[in-house]
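Worksheet: the structure to be examined is printed underneath.
The values are calculated or read from the model by the stated rules, or taken from the named source; none is laboratory data. For clarity, every value in this text was computed on a predicted model and none was experimentally measured. Positions of Cβ are backbone-derived with ideal geometry, glycine not excepted, and every protein chain shown enters the neighbour counts. Remember, those area values only see protein heavy atoms, side chains included, never the ligands or the DNA or RNA. Shrake-Rupley method; radii C 1.70, N 1.55, O 1.52, S 1.80 Å.
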There are 2 protein chains.
Amino acid sequence: MDAVKAVLSGNRLALARLLTQIENDTSEGRTALDVLFSHTGNAHLIGVTGAPGTGKSSLVNRLAHFYRHPPGKAEPVRVAVVAVDPSSPFTGGAVLGDRIRMRDLAGDPDVFIRSMASRGSLGGLANATAGVVQAFDAAGFDLILIETVGAGQAEVDIAKLAHTTLVIEAPGLGDDIQAIKAGILEIADILVINKADRPGVGNTESALRGMLNLAHPSRYSGRFGNSILQAEGSEAEGEMWVPPIQRTIAIDGTGIPELGALIADHRQHLEDSGGITRRERFRLKSELENMLRETLVTRWRKEIPESFYQELLDRLVAREISPWRAVEELIDGGAQS
Amino acid sequence: MDAVKAVLSGNRLALARLLTQIENDTSEGRTALDVLFSHTGNAHLIGVTGAPGTGKSSLVNRLAHFYRHPPGKAEPVRVAVVAVDPSSPFTGGAVLGDRIRMRDLAGDPDVFIRSMASRGSLGGLANATAGVVQAFDAAGFDLILIETVGAGQAEVDIAKLAHTTLVIEAPGLGDDIQAIKAGILEIADILVINKADRPGVGNTESALRGMLNLAHPSRYSGRFGNSILQAEGSEAEGEMWVPPIQRTIAIDGTGIPELGALIADHRQHLEDSGGITRRERFRLKSELENMLRETLVTRWRKEIPESFYQELLDRLVAREISPWRAVEELIDGGAQS
C-alpha cells in the first residue's frame, strides 16, 4: 500500500487522490481506509451548521486562518475543512466554493479544503464524509472543520457527529427561523451569532437566551448541548457544559479569537469530564449504523432480478398491490432467488 | 375493518386516529393502508419547499383558503395539508404551527391539516409522510399540499415526490442562498417569489431568471423542471414545461389566484403530455425503495444479538477493527445466527 504510506507521510497529492477514491466509494478507497483507520482518533472534529444566510463558509474560512496564525506564542496546527453540500447534486457550486476559499489560504501546505456534493443518496454522502474525515485524521490534521450547507435534518445529522458542534445564527433572517432554531439548539455546544454588526443582533441574542432558558429552566442542570449524547451514555457522568453564545463578524475577523478560545475550552471540558470517550463511541456507532444500512441495501439489490422488480412496480402503479405487500414480496423473493 | 370503512366514508375522527397509527408505524396502520391503497391515485399532490424565512407556511395556508373559496363559479375542493418538519425532534413546534394555522381554516370539515415531526430516522419520516398522503388520498381529499420545513436535501426529497412542486423564494435572504437555489431549481415546476413587497424583489427575480437561463440555455429545450424525471423516464416524450415565476404576498393574498391558475395549468399539462403517468411511477418507485431500505435494516437488527453488536462497537472504538470490517462481521454474523 504505497498510497497509504504516502498519505501517512503527508503527501498532499496522494491524499487528494485517496479522497476522490473515498468519494467514489471504490474498493481501493475502502482498502486504504481499512488500513488508515488504526491511525485515526487524534484530530479534534468540529461540526459547523446553521441556516442559509448566516455566513457559515466565511466563518469556517476565518477559523482555519486563525488556527494557522494563532495569537501569542501558540503553535499553528494543521487544519482540514470538509464542506458538505447535499443540496447540489447537479451544479458546480461546491467547486466554485473551493476556488473562492482558496484565495485566502492558498499555498499553505498545512491547510486542506475539500468540498463534497451529493452522490445520489444522503446515506452515501454521510458515509463518504465519515471516510474523508478519517483520511484527514490519519494524515495528521489536528483540527477538522466539518461544515454543512443547508439547514435540514440530514445536514444537522452530519454536523453533530463531531466532538464540538457550532450552530451559527445571524440577525434578521426572517420570521419562521425560530422554528428551526428550537430543534437545532439541542445539538449546539457553542452558539455563534455571526454578522453581529447587523441591526437586531440584540434581539437575536435575547431570543437565543430565551430559548435556552425555556428548554432548560436551570442553566446549570447539566442538560445542555448534549441531550442526545446523554440519552446514549451515562447521564450521571454529567458533562455540565452550558453552551456559550459568541458574537462574530466573519468578514473582518471580529470575535474569531474568542470563538477559538471557546472551542479550546470545550475540548478541555470534554477531556476533563470524560465526555470525549462517550462522544467518540456515539460518533462511531452512528457511522457504523449508516454504513450497515447502505451495505444491506446494496447487497440486497444485487440479489433481486430486475424483471421481478419492474413487474412488482407495474402492479404497484396499477394499484393492484400495496407498497407494503410489494416490500414483502420483494424481500421474500430476494431471499429465495 | 370498520376503521377503514369510516375513513372511506369521510369520518374525520377515524381519519385522525389512522394518521396517528401511520405516524407510529403500528400494525393496525399498515393493515389499513394495505386496504386503502387501492382507493388512492385521485388526489393532486403539490409539494412546497424553500429556505427558512420565505413564508412557506403562510403561503400554504393561503392556497388552502383559495381552494376552499375559489374565484368565479369554480367548485371548492377538499384540501389536506401535510407539514413535514424533520428538524424538530424534541420541540412542540409542529403542534404550535397547527394551532396558528387552525385559526384561518377552523371549522371547515373539508380541510385537514397534519403536522409531522421527526420520529427518529429520516427514512422513517419519509415513509410516514407517504402513508399519511395515501390516507388523505383514499379519504377523498382532492388536493394535498405537502410542505417541508427546512431547506436540506431530505426536505427537498420529500417535496419532490409530488405531481407539482413549488419552490418558494423571497427577497433579501442573505448572500449564500444562491448556492441553495442552484440545486433546488432543478426540481421546481413553479417558482414563487413570496414577500414580493420587500425591497430587492426585482433582483431576486432577475437572479432566478438568470439561473434558469444559465442552467438551460434554451428556455424551450423541454429540459425544465423535470430533469430528474426525464432521466428516469423517456426523454423523447418531452414534457416541455417551462417553470413560470409567480410573485406573491401571502399575508394579504396578492398573487394567490394567479398561483392557483398556474398549478391548474401544470396539472393540465401533465395530463396532456402523459407526464402524469411517468411521475406516478417515479413517485411510487421512490416510496417503495425507501420502505425497502427501512424494512431491510429493521429485519436485520432483529437477527443480530445485542452482545455481539456491543462487542464489535468496543473493538471499533479501540481502533482494533475498521468500520468496514465491522460491517462485514456484523452482516455475516447476522446471516449465521
Practice item. Would you kindly find the accessible area of A:Tyr67, with a 1.4 Å probe and non-protein molecules such as ligands, DNA and RNA excluded, rounding to the nearest 10 Å²? Key: 30 Å²
Check your understanding: Hey, how many Å between the Cα centroid of the stretch B:12-53 and the Cα centroid of the stretch A:269-337?
Key -> 22 Å
Check your understanding: Do any of A:Lys5/A:Lys73; A:Lys5/A:Lys285; B:Lys5/B:Lys56; A:Lys302/B:Lys285 go past 25 Å between their Cα atoms, and which?
Key -> A:Lys5/A:Lys73; A:Lys5/A:Lys285; B:Lys5/B:Lys56
Review point. Over the heavy atoms of B:Glu271, what accessible area does a 1.4 Å probe trace out, to the nearest 10 Å²?
Key: 90 Å²
Study note, to complete from the structure: Per-residue average of other protein chain Cβ atoms inside 10 Å, peptide A:313-319 -> 4
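Rank B:Thr295, B:Thr49 by accessible area, highest first, at a 1.4 Å probe radius? Intermediate values should be presented prior to the final figure.
On the way: B:Thr295 20, B:Thr49 0 Å².
Result, largest first: B:Thr295, B:Thr49.
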Exercise for review: Would you mind checking the stretch A:17-59 for residues with the amide N under 11 Å from a putative spin-label position 7 Å along Cα→C-beta of A:Lys5?
Suggested key: none
Check your understanding: Given a 1.4 Å probe and the protein chains all in place, what does the accessible area of A:Asp272 round to, in Å² to the nearest 10?
Key -> 120 Å²
**Study point:** For the stretch B:158-169, Karplus couplings with θ = phi - 60° (6.51, -1.76, 1.60), whole Hz, Gly/Pro x
**Key:** 6, 5, 6, 7, 10, 6, 10, 10, 9, 10, 9, 10
Exercise for review: State, to one decimal in nm, how far the label point of B:Lys302 lies from the label point of A:Arg301, with both points 7 Å from Cα in the Cβ direction.
Suggested key: 2.5 nm
Study note, to complete from the structure: FRET efficiency (B:Leu13, B:His65; Cβ distance; R0 25 Å; to 0.05) is 0.60
Review point. Where the label is 7 Å out from Cα toward Cβ, how close does B:Val35 come to the same position in every other copy, in nm, shortest first?
Key: 6.1
Point to revise | Label 7 Å beyond Cα on the Cβ vector: B:Ala264 copy-to-copy distances, nm | key: 6.6
Study note, to complete from the structure: Ignoring ligands and nucleic acids, chains B and A bury, in total, an accessible area (1.4 Å probe) to the nearest 100 Å² of about 7100 Å²
Study note, to complete from the structure: The long-range amide H neighbours of A:Val81, using H built 1.01 Å from N in the peptide plane and a cut-off of under 5 Å, are A:Phe112, A:Ile113, A:Arg114, A:Leu145
Check your understanding: Between B:Thr277 and B:Ser27, what is the spin-label point distance in nm, taking each point 7 Å from the Cα along the Cα→C-beta axis?
Key -> 4.0 nm
Review point. Label-point separation (nm) for B:Asp197 and A:Thr254, each offset 7 Å from Cα along Cα-to-Cβ?
Key: 3.2 nm
Study note, to complete from the structure: Between B:Asp265 and B:Asp34, the FRET efficiency computed from the C-beta separation at R0 = 56 Å comes out, to the nearest 0.05, as 0.95
Practice item. One decimal, nm, shortest first: give the distances between the label point of B:Arg198 and those of the same position in the other copies, each label point 7 Å from Cα along Cα→Cβ. Key: 1.0
